[in-house]
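Following: one structure in structure tokens, then a few remarks.
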Amino acid sequence: MPVSNHIRRLLLKTIADNINEITLGFDGTPATSSDGAAGRPAVTLTPTVTIIDDSTLLLEAKLPIDNSYTEELKEVYVQFRDTTSFTPVARFTTRPITKTTNNEVLIQMMIEVA
């Protein structure tokens, strides 16, 4: 018997309510499903998480204009963090992003929970 739509939505809401950090980093190595942390972190942002439908989340975080880095950003790491520990959600490698004080970066990603 397949999982009911109600419990799938509850699971998605629980995940959405607990994602509270996105870390951007400099590590451009391939992302895997067993990654446990950001490679070389640059900055940690607080995302806005929106439930799109019964299986999809949209995460958005803005890197303000006043942040600047000499290296390109190549990694996005998503996690839940509480007062004592963190739980990895996902790690993505991206095309290199050059961040200067002349540009603002909006990170948007969709996560499908199957």
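Checking the conditions here, which among Ala42, Ala61, Ala114, Ala37 is surrounded by fewer than 17 Cβ atoms within 10 Å (Cβ to Cβ), of a type in the set (Gly, Ala, Ser) and under 15 Å from the mean Cα position of the chain (by Cα)? Spell out the reasoning first.
Details: Ala42 fails: surrounded by fewer than 17 Cβ atoms within 10 Å (Cβ to Cβ); Ala61 fails: surrounded by fewer than 17 Cβ atoms within 10 Å (Cβ to Cβ); Ala114 fails: under 15 Å from the mean Cα position of the chain (by Cα).
Just one listed residue meets the conditions, Ala37.
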What are the residue pairs meeting all of these: first residue in segment 28-54, first residue within 17 Å of Thr94 (Cβ to Cβ), second residue of a type in the set (Asp, Glu) and buried (at least 16 other Cβ atoms within 10 Å of the Cβ), Cβ atoms under 6 Å, and 6 or more apart or on different chains?
Gly39/Asp27; Gly39/Glu75; Arg40/Asp27; Thr44/Glu21
Pairs, please: C-beta under 9 Å, at least 6 apart or cross-chain, first residue under 17 Å from Gly39 (Cβ atoms) and in segment 60-89, second among the β-branched types (Val, Ile, Thr) and surrounded by fewer than 13 Cβ atoms within 10 Å (Cβ to Cβ)?
Tyr69/Thr100; Lys74/Thr29; Glu75/Thr29; Gln79/Thr87
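Values quoted throughout were computed directly from the atomic coordinates according to the rules given, and no laboratory measurement underlies them. Since we're looking at a predicted model, the values are computed, not measured. No Cβ is skipped: glycine too gets one built from the backbone with ideal geometry, and neighbour counts run over all protein chains shown.
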